[in-house]
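Notes follow the structure.
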Amino acid sequence: MDRARRTLSQNFLVDRHAVELIVKAAAPEGLVLEPGPGEGVLTFALVDAGARVVGHEIDPRLAGRLASRTRTDPRIEVVRGDFTAARPPREPFAVVGNIPYAVTSKIVDWCLRAPELTSATLLTQLEYARKRTGDYGRWSLVTVESWPWFDWTLGDTVGRESFRPVPAVDSAILRIQRRPEPLVGDRRSYQELVELGFGGTGGSVRASLKRRHPDVDAALEAAGIARDTVVGHVHPDQWITLWRRLHH
């Protein structure tokens, strides 16, 4: 049992208030996919809030128990297997889950690639959620690259004592919501620009971009970016201004 928990990075949510915070942040309706429903604490709360839940549980023992408990409930379906190997639905859906720390990046990448995803409300390691939402004053490549299509928001903190077994760190609710309309018109050129910026040497966004964009100084000025600004300190909205100036 404990070995399975360690291998699968399982920490079960036992705090009713934390469950309520996740459901409130997710505002679930329609189809919701839940990675790692475990014992179903969040599953039942999502269903009570009006969602139809498909839970993907990799632990066969837990999947079997939850499937037998929910067999007569048409609002809940339990799929045995790895969430990140699942095919995204072809209809609009949300993802909501208390996800294993070890596969956070894989689950987030899966969500960002799913064409019909409307939002993802994920309970992640606090440090991860803060990093992805710019809470340290720095912005990561993943967030900047996806910003024209998704809004990233840091939600409530959930203390480690809300889980069993108790993990070594606190968690937070990370909300990723698809924008009604993209903020840029061309995905490829925008992402190429961002990757050029993050892939440079010397640290400053100017040094990175100047290699391919000799006229970068006017764009930096338009975006309100000082010439010596380190790439991680450039706000995603400023990247959109840079893209507009350099590609029009």
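The values are calculated or read from the model by the stated rules, or taken from the named source; none is laboratory data. Fair warning: this is a prediction, and the values are worked out from it, not measured in the lab. Backbone-built Cβ (ideal geometry, glycine too); neighbour counts: all protein chains shown. Keep in mind that these areas ignore ligands, DNA and RNA; they rest on the heavy atoms of the full protein, side chains included. Shrake-Rupley method; radii C 1.70, N 1.55, O 1.52, S 1.80 Å.
Which residues, taken from the stretch 133-158, are outside any loop (DSSP other than H, G, I, E, B) and under 19 Å from VAL205 (Cα atoms)? Listed by number, the residues that qualify are LEU141, VAL142, THR143, VAL144, GLU145, SER146. If you check every pair at least six apart or on different chains, which have Cβ atoms under 7 Å apart with a residue in the stretch 15-32 that is assigned to a loop (DSSP other than H, G, I, E, B) first and a residue that is modelled with pLDDT of 95 or more and among the β-branched types (Val, Ile, Thr) second? Short answer, once both residue conditions are applied: PRO28/VAL96. For VAL144, state whether it is open to solvent by less than 50 Å² (accessible area, probe 1.4 Å) and hydrophobic (A, V, I, L, M, F, W, C). Criteria met by VAL144.
Each row is one residue, and each column tells you yes or no for (1) touching a Ser or Thr at 6+ places or on another chain (Cβ under 6 Å); (2) farther than 23 Å from ILE107 by Cα; (3) open to solvent by less than 30 Å² (accessible area, probe 1.4 Å); (4) aliphatic (A, V, I, L, M).
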{"residue": "PHE150", "(1), (2), (3), (4)": "no, no, yes, no"}
{"residue": "THR157", "(1), (2), (3), (4)": "no, no, no, no"}
{"residue": "ARG175", "(1), (2), (3), (4)": "yes, no, no, no"}
{"residue": "ARG188", "(1), (2), (3), (4)": "no, no, no, no"}
{"residue": "LEU193", "(1), (2), (3), (4)": "no, yes, yes, yes"}
{"residue": "GLY197", "(1), (2), (3), (4)": "yes, yes, yes, no"}
{"residue": "SER208", "(1), (2), (3), (4)": "no, yes, yes, no"}
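Return yes when ARG178 is basic (Lys, Arg) and modelled with pLDDT under 95 and no when it is not. No: the conditions fail for ARG178.
Residues in the stretch 78-101 that are surrounded by fewer than 19 Cβ atoms within 10 Å (Cβ to Cβ) and under 21 Å from LEU126 (Cα atoms): TYR101 alone. Number of residues in the stretch 64-109 that are modelled with pLDDT under 95 and among the small types (Gly, Ala, Ser) equals 1. The set of residues from the stretch 28-58 being charged (D, E, K, R), buried (at least 24 other Cβ atoms within 10 Å of the Cβ) and over 18 Å from ALA114 (Cβ atoms) comprises just one member, GLU57. Test ARG164 against the criterion of being under 25 Å from GLU192 (Cβ atoms), of a type in the set (Lys, Arg) and open to solvent by 10 Å² or more (accessible area, probe 1.4 Å), and give yes or no. In short, no. Restricting attention to the stretch 211-232, the residues that are in a helix (DSSP H, G or I) and surrounded by 17 or more Cβ atoms within 10 Å (Cβ to Cβ) total 6.
Residues that are under 12 Å from the mean Cα position of the chain (by Cα) and at negative phi: list the strands (runs of 3 or more DSSP E) wholly contained in the stretch 47-127 that include at least 3 such residues.
Values: elements: 51-57, 76-80, 93-98, 117-125.
The qualifying strands (runs of 3 or more DSSP E) are 93-98, 117-125.
Using the structure shown, decide if THR201 is at pLDDT below 95 and either hydroxyl-bearing (Ser, Thr, Tyr) or part of a helix (DSSP H, G or I) (or both). Here the answer is yes, as THR201 does meet what is asked.
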